[in-house]
Amino acid sequence: MIERIVDGDLELAVIVRASPPEPGIRFFTTPEATLQVGQMLRPAGYSIVPHVHKPVAREVSYTQEVLFIRSGRVRVDFYDEQRCFLESREVGAGDVILLARGGHGFHMLEQTEIVEVKQGPYVGEHDKHRFEHAPAGANRGPTVK
């Protein structure tokens, strides 16, 4: 099951729920996306021809992140590009989330292990602007900076 978080015409996030995959290969992002996210289910004995990727110049304007929730549960709060709260979603073990645009914050609902993938090179604090907004009534827990 796929969930898309949108603000008008802008796709902010894609959540790929832990569910049985479809056979073959399926991409959840458009060919134009600067971070491609897909899923493969191949039978035993299937082979992918060995290959190398050619150098291709790419321009990346926004850092995007893919989070693999290995265990636990986390509430993800979504914000528009003006930092206004939009909505929250809960993700759990086996879910994958692509954070493409807008703002986001996290609150661990239980001990959670997350594997994060994003474009590099990492430029530290020059990559993000932190802000102090939370959904109404949300228990943000301790702020980590």
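The values are calculated or read from the model by the stated rules, or taken from the named source; none is laboratory data. Everything numeric here is computed off the predicted structure, so don't read it as measured data. Positions of Cβ are backbone-derived with ideal geometry, glycine not excepted, and every protein chain shown enters the neighbour counts.
Name every residue in segment 30-59 that is aliphatic (A, V, I, L, M) and either under 27 Å from the mean Cα position of the chain (by Cα) or under 19 Å from Val16 (Cβ atoms) (or both), in order of residue number.
Ala33, Leu35, Val37, Met40, Leu41, Ile48, Val52, Val56, Ala57
Of the conditions (1) surrounded by 12 or more Cβ atoms within 10 Å (Cβ to Cβ); (2) modelled with pLDDT under 95; (3) of a type outside the set (Gly, Ala, Ser), Arg75 fails just one. Which one is it?
Result: Arg75 fails condition (2) only.
So which residues in segment 2-55 are among the aliphatic types (A, V, I, L, M) and in contact (Cβ under 8 Å) with a residue 40 or more places away in the chain?
Of segment 2-55, the ones among the aliphatic types (A, V, I, L, M) are 2, 5-6, 10, 12-16, 18, 25, 33, 35, 37, 40-41, 44, 48-49, 52.
Correct list: Ile5, Leu10, Leu12, Ala13, Val14, Ile15, Val16, Ala18, Ala33, Leu35, Val37.
Looking at Arg89, Arg42, which one is out of contact with any helix residue (DSSP H, G or I) (no Cβ under 6 Å at 6 or more places or on another chain), modelled with pLDDT of 90 or more and either surrounded by 14 or more Cβ atoms within 10 Å (Cβ to Cβ) or under 15 Å from Glu11 (Cα atoms) (or both)?
On the way: Arg42 fails: either surrounded by 14 or more Cβ atoms within 10 Å (Cβ to Cβ) or under 15 Å from Glu11 (Cα atoms) (or both).
Result: Arg89 is the single residue among Arg89, Arg42 that is out of contact with any helix residue (DSSP H, G or I) (no Cβ under 6 Å at 6 or more places or on another chain), modelled with pLDDT of 90 or more and either surrounded by 14 or more Cβ atoms within 10 Å (Cβ to Cβ) or under 15 Å from Glu11 (Cα atoms) (or both).
Out of the residues in segment 98-137 that are of a type in the set (Phe, Trp, Tyr) and modelled with pLDDT of 80 or more, which is surrounded by the fewest Cβ atoms within 10 Å (Cβ to Cβ)? Talk me through it step by step, then tell me what you get.
Pass one, segment 98-137, residues of a type in the set (Phe, Trp, Tyr): 106, 122, 131.
Cutting the leftovers down to modelled with pLDDT of 80 or more gives us 106, 131.
Details: Phe106: 16, Phe131: 10.
By that ranking, first place goes to Phe131.
Has segment 101-121 got any residue that is touching an Asp or Glu at 6+ places or on another chain (Cβ under 9 Å), closer than 23 Å to Asp9 by Cβ and β-branched (Val, Ile, Thr)?
No, every residue in segment 101-121 fails to be touching an Asp or Glu at 6+ places or on another chain (Cβ under 9 Å), closer than 23 Å to Asp9 by Cβ and β-branched (Val, Ile, Thr).
Would you point out the residue of segment 18-30, among those that are at pLDDT 90 or above and outside any strand (DSSP E or B), that is surrounded by the fewest Cβ atoms within 10 Å (Cβ to Cβ)? Break it down stepwise before answering.
Here is the first cut: in segment 18-30, the ones at pLDDT 90 or above are 18, 23-29.
From the residues that got through so far, the ones that are outside any strand (DSSP E or B) too are 18, 23, 28-29.
Details: Ala18: 13, Pro23: 9, Phe28: 16, Thr29: 17.
My answer is Pro23.
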